[in-house]
Structure formats: structure tokens, C-alpha cells
Amino acid sequence: MSRIRVPRSGPGRPRTRPLLVLADRAYSSRAIRSHLRRRSIRAVIPQPSDQVGHRLRRGRLGGRPPGFDAEAYKQRNTVERCINRLKQWRGLATRTDKLAIAYQAALHLAGILIWTRR
């Protein structure tokens, strides 16, 4: 989360706090949600069925369910398709690079190749 940079449309340094975070059910922990809440970032993360069951079993003490915007969550599909296209590049799929900078360079190169093919 500390390396997030959202570029501005005009001049100025990039923002470090996005408006919202789209994530899948695996990131629905209490720690992640509280971290996002502290930074005033809206979380669009569905709850796994086991967490829903635990909350309902507790009754009133379980609290209310976290907010979920289904329309915003549909945008995640675009990102997932892009990631799947990047993973078609063998070097990214197998993660054989030892250094993070080499992996990041391969990621940029794959992105450029995908962009130029369009």
C-alpha cells in the first residue's frame, strides 16, 4: 500500500491515497479493512461466506455487514483480464527472476508489447 501512486491529470505530485480499492474475497480480513478505513479509502471487497455466517451467528453482536458496491466491483474484471494477459508471458507467469527490479522490467516490457499490439 505504501508504494501506490495515482497520477494526477494535471501538474502536481501523484496521490498516495486512492479513492477506493477493489479486491477479491481473500483480502476481506479485519486488519485490511481497518487499515483502509484509517486512511479514508473506500473498500470494495466482498465478504466470504464463512465470514458472513460467523457474523450472522453472533446476532446483534456481529455488527452490520461492511458496505459493498456491486457496480464498482464489476470493474475488477478489466484488471483481472489484463493480469491474465500479462501472465501469458512466460517470464512473468513463472517468476524466475531473482531480483524484483528484473521482474518489474519484464512487467513493463510485457505491458508495452500488449499496448503496441492493439
Query - From Ile114, Ile83, residue being hydrophobic (A, V, I, L, M, F, W, C) and under 23 Å from Arg25 (Cβ atoms) - result: Ile83
Query raised in the report: So which residues in region 72-110 are closer than 19 Å to Leu22 by Cβ and open to solvent by less than 90 Å² (accessible area, probe 1.4 Å), if there are any at all?
Result: Ala72, Tyr73, Arg76, Asn77, Thr78, Val79, Glu80, Cys82, Ile83, Asn84, Leu86
Query raised in the report: For region 2-32, which residues satisfy the criterion of being over 16 Å from the mean Cα position of the chain (by Cα) and surrounded by 12 or more Cβ atoms within 10 Å (Cβ to Cβ)?
Result: Arg15
**Report entry** Selected residue (criterion: nearest to Tyr73 (Cα to Cα)) from residues of region 1-19 that are aliphatic (A, V, I, L, M) and assigned to a loop (DSSP other than H, G, I, E, B)
**Finding:** Leu19
Query raised in the report: Just checking, how many residues over region 84-118 are modelled with pLDDT under 85, within 30 Å of Val44 (Cα to Cα) and of a type in the set (Val, Ile, Thr)?
Result: 1
Query raised in the report: Is it the case that Arg55 is surrounded by 12 or more Cβ atoms within 10 Å (Cβ to Cβ) and under 30 Å from Ala100 (Cα atoms)?
Result: no
Query - Close pairs from region 57-72: first farther than 18 Å from Leu36 by Cα, partner assigned to a helix (DSSP H, G or I) and open to solvent by 100 Å² or more (accessible area, probe 1.4 Å), Cβ under 7 Å, at least 6 apart - result: Gly62/Leu56
Requested in this report: Output yes when any residue across region 77-97 is closer than 25 Å to Leu109 by Cβ, touching a Leu at 6+ places or on another chain (Cβ under 9 Å) and among the basic types (Lys, Arg), and no when none is.
Outcome: no
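The values are calculated or read from the model by the stated rules, or taken from the named source; none is laboratory data. Keep in mind the model is a prediction, meaning the values are calculated, not measured. FYI the Cβ positions are ideal-geometry reconstructions off the backbone, even for glycines, and counts take in every protein chain you see. Heavy atoms of the whole protein, side chains included, go into the accessibility calculation; ligands, DNA and RNA do not. Shrake-Rupley method; radii C 1.70, N 1.55, O 1.52, S 1.80 Å.
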